[in-house]
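J.: Sharing a structure here in structure tokens format.
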Amino acid sequence: MKKNMRKNSNSGREVKVLAQHICMSVFKARRVIDQIRGRSYEETLMILELMPYRASYPIFKLVYSAAANANHNMGLNEADLFISKAEVNGGPFVKKLRPRARGRSYPVKRPTCHITIVLKDKSKLFLDSSKI
């Protein structure tokens, strides 16, 4: 699993984390991502811990890592973070051959996906909106 973290200069305080080549179907990962989009960081962790799906564990690790990066690299408080953007895109298929009878083989295609999560600081958002 590859992870990248970027701070966008024009957006203020946000952390973007990307996990690539997760061995999972896009549809199974989207089922979990749709439940956490727009929620706070602490609420997201509770939801992901209690979900019975296999897709929730890599997403849990990704959200936890993004919050740790926000805390360590930018000095943001984890309690003020929320998930502003979460998306799942399709990745390449892992192609294997399964041996069959009489020396034949059948192709097996395992799907992968790329998961992108953006965390924002909600205290910063409320401060910006109060100035207007």
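Each value in this text was obtained by applying a stated rule to the coordinates, not by laboratory testing. These numbers come from a predicted model, not from an experiment. Reconstructed Cβ throughout: ideal geometry from the backbone, glycine too, with neighbour counts over all protein chains shown.
J.: Report the local net charge at K109: Lys and Arg +1, Asp and Glu -1, summed over other residues whose C-beta lies under 14 Å from its C-beta.
T.: Every neighbour counted, the sum reads +4.
J.: Which value results when the Cα radius of gyration for segment 20-69 is divided by 2.2 N^0.38 Å?
T.: So the Cα radius of gyration is 1.06 times the expected 2.2 N^0.38 Å.
J.: A follow-up question, please. Please list 57-64, 115-122 highest first by mean number of surrounding beta-carbon atoms within 10 Å per residue.
T.: The densest-packed peptide leads the list: 115-122, 57-64.
J.: How much net charge surrounds K96 when only other residues with a Cβ under 10 Å from its Cβ are counted (Lys, Arg +1; Asp, Glu -1)?
T.: Within the 10 Å Cβ shell, the charges total +4.
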